[in-house]
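Enquirer: Questions regarding the structure given below will be posed in turn.
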Ligand SMILES: Nc1ncnc2c1ncn2[C@@H]1O[C@H](COP(=O)(O)OP(=O)(O)OP(=O)(O)O)[C@@H](O)[C@H]1O
Ligand SMILES: [Mg+2]
């Protein structure tokens with residue numbers, strides 16, 4: 001897949017003097033769903049704002065669809081739809097007029113059939129004549145999504161789409177992301193929820209303190225996560241792995257424990273055999289624990305590693 | 001040129017004006033009628049004529065200017081301040097629209113609104129007194145230019161203002177006094193000579209004077225100066241907006 005967004009050595013220092021992005025480079029592939037994961041203040045919204053033209057670059061370049069976002073902003077912005085993190089809407093506008101406004105603003109002639117399609121897709125058609133102020137928080141978020149889709153963008157940015165959204169709506173959102181992906185739309189979403197990234201992303205990027213810490217295929221990450229460890233605590237701590245247990249590839253753990261790694265998705269885990277061989281070797285079990293490294297661990301490791 | 005964007009903003013702003021119809025149209029009519037009753041009828045009955053025109057008729061151009069200036073500034077400044085305040089400005093900043101198009105949308109809408117109000121006030125004044133307009137085309141021309149230039153000025157105020165107080169400050173502390181001291185309700189020839197000179201630094205004097213000339217053919221300053229003054233003011237506003245556009249002043253972080 002070709003890159004549709006290319007971020008090169010981008011830096012951002014706000015007027016306050018705060019450096020929100022150090023030096024960020026990132027390529028987004030056409031048609032993928034990329035999750036940007038990172039703690040509060042990591043720089044996720046800043047990065048999106050730079051790509052969309054809301055904030056000014058301090059250094060570096062960004063291209064979207066091959067066009068520079070500063071010098072050729074008309075070409076880049078027409079390709080992009082943005083759902084902001086906050087519920088930024090004119091409270092007195094009617095839903096349908098808000099949609100028409102966005103479509104016009106992005107330079108497209110009015111197309112009521114398309115607007116109806118988008119509103120129906122987001123279950124807002126019944127509410128088309130309601131004022132924004134009369135909608136619930138979740139509905140307002142859906143209005144923001146609908147507005148971002150009013151000009152059929154090729155790239156959609158969702159800045160924390162599931163903040164303040166109930167389980168059902170979140171599932172709905174995932175379904176919409178899925179549908180858009182099928183239409184070939186490239187989607188970049190930021191989130192604090194690791195399950196969300198797991199559920200819908202193709203690739204995952206972790207950003208912290210203005211730097212990209214990791215960017216990897218979700219499948220690859222999941223493979224790493226598929227590994228599980230069993231920590232075997234013995235009555236009598238050992239200081240070497242007994243020879244009879246060599247085929248299991250055991251490692252010596254803390255406090256004289258044995259650590260066995262296995263693939264949870266394998267046909268056999270080999271646990272039963274291992275345990276019987278352990279007693280055959282004359283060792284007595286005291287306790288057994290298992291531990292699975294999750295995306296969350298990887299995330300916490302990355303983010304904490306930096307704090308030290 | 002993204003004409004769709006200009007139209008979208010214009011439509012949005014006109015919808016907003018219609019939503020607040022009472023505030024945007026009825027209140028200027030009411031206050032103008034009050035001016036006619038107080039200045040025109042009560043005080044005017046004691047003043048014979050000013051520059052050969054009955055006092056009631058004499059104040060009509062000034063009354064229109066007063067409303068038009070205040071309305072242009074407040075409509076345009078609120079128009080751009082509201083999305084800044086609600087955060088909805090993200091959409092304007094991320095749209096494939098240049099600042100020229102965004103400005104055009106807001107300023108044309110504000111100017112339309114104040115033009116309509118100006119014409120409604122003119123219509124209302126016909127109910128109170130007879131007026132003949134000597135140069136109707138010049139009258140409309142002056143009115144439109146004034147609406148536009150002060151909408152531009154208001155737009156700048158809306159971008160500059162960080163809060164509601166600042167938004168109200170300029171119309172209240174600057175525009176209204178300038179209009180009152182700008183010969184809206186008197187001829188500046190009625191002032192002592194020193195004040196006549198000081199008054200010449202008030203841009204509104206040129207507007208009111210030119211506008212009054214279009215009505216009655218008499219003016220405090222020559223029409224040429226009036227046209228130059230409005231054109232100059234418009235250019236200054238455009239230059240400031242161009243600067244805002246280049247630097248992203250108070251809009252782009
Ligand atoms: N306009 C601004 N002026 C100064 N500093 C800012 C501005 N906007 C953001 N920052 C700072 O830049 C850093 C990154 O902010 P950003 O909004 O990009 O974080 P984020 O990753 O989106 O966080 P969150 O998950 O909380 O939304 C923060 O420390 C923030 O305080
Ligand atoms: Mg954010």
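Coordinate-derived values only; no laboratory data. Please read all numbers here as calculations on a predicted model, not as lab measurements.
Enquirer: Taking the convex hull of the alpha carbon atoms in the range B:120-253, what volume per residue do you get, in Å³?
Expert: In the range B:120-253, the Cα hull volume divided by residue count equals 134 Å³.
Enquirer: Using only the alpha-carbon atoms, how far is helix A:95-105 inclined from the longest principal axis of chain A? Give it as 0 to 90 degrees, nearest 10.
Expert: 80 degrees
Enquirer: Quick one, can you get me the convex hull of the C-alpha atoms of chain A expressed as volume per residue in Å³?
Expert: It comes to 172 Å³ per residue, whole-number rounded.
Enquirer: Let me ask something else about it. Return one quarter of the surface area of the convex hull spanned by the alpha-carbon atoms of the range A:124-174, equal to its mean projected area, in nm².
Expert: 4.0 nm²
Enquirer: Under the rule a/c < 1.5 gives rounded, and otherwise a/b versus b/c splits prolate from oblate, where does the range B:124-173 land using the Cα gyration tensor?
Expert: Judged from the Cα gyration tensor, the range B:124-173 comes out oblate (a/c at least 1.5, b/c at or above a/b).
Enquirer: Take the protein assembly as shown, drop everything but the C-alpha atoms, weight them equally and run the Debye formula without solvent; then report log10 I(q)/I(0) at 0.06, 0.11, 0.12 Å⁻¹ to two decimals.
Expert: Evaluating at q = 0.06, 0.11, 0.12 Å⁻¹ gives log10 I(q)/I(0) of -0.46, -1.00, -1.10.
Enquirer: Note the angle between two axes, namely the Cα long axis of helix A:112-121 and the longest principal axis of the Cα atoms of chain A, as a number of degrees from 0 to 90, rounded to the nearest 10.
Expert: The angle comes out near 30 degrees.
Enquirer: Now for a separate question. Compute the separation of the alpha-carbon centres of the range B:22-54 and the range B:111-146 and state it in Å as a whole number.
Expert: 14 Å
Enquirer: Over chain B, what number does the Rg to Rh ratio reach, with both radii from the alpha-carbon atoms and Rh per Kirkwood?
Expert: Result: Rg/Rh = 0.99.
Enquirer: Taking square-rooted eigenvalues a ≥ b ≥ c of the alpha carbon gyration tensor, is the range A:35-170 rounded, prolate or oblate, where a/c under 1.5 means rounded and, failing that, a/b exceeding b/c means prolate?
Expert: It is oblate, given that a/c is not under 1.5 and a/b is not larger than b/c.
Enquirer: If you line up the long axis of helix A:167-182 against the longest principal axis of chain A, both from Cα atoms, how many degrees apart are they, to the nearest 10?
Expert: 80 degrees
Enquirer: Turning to a different aspect of this structure: For chain A, what does the helix formula give at 222 nm: sum of -39500 (n - 2.57) over DSSP H segments with n ≥ 4, over the residue count, nearest 500 deg cm²/dmol?
Expert: -10000 deg cm²/dmol
Enquirer: I need the shape label for the range A:227-292. Rule: rounded when a/c is under 1.5, else prolate if a/b > b/c, else oblate, with a, b, c from the alpha carbon gyration tensor.
Expert: prolate
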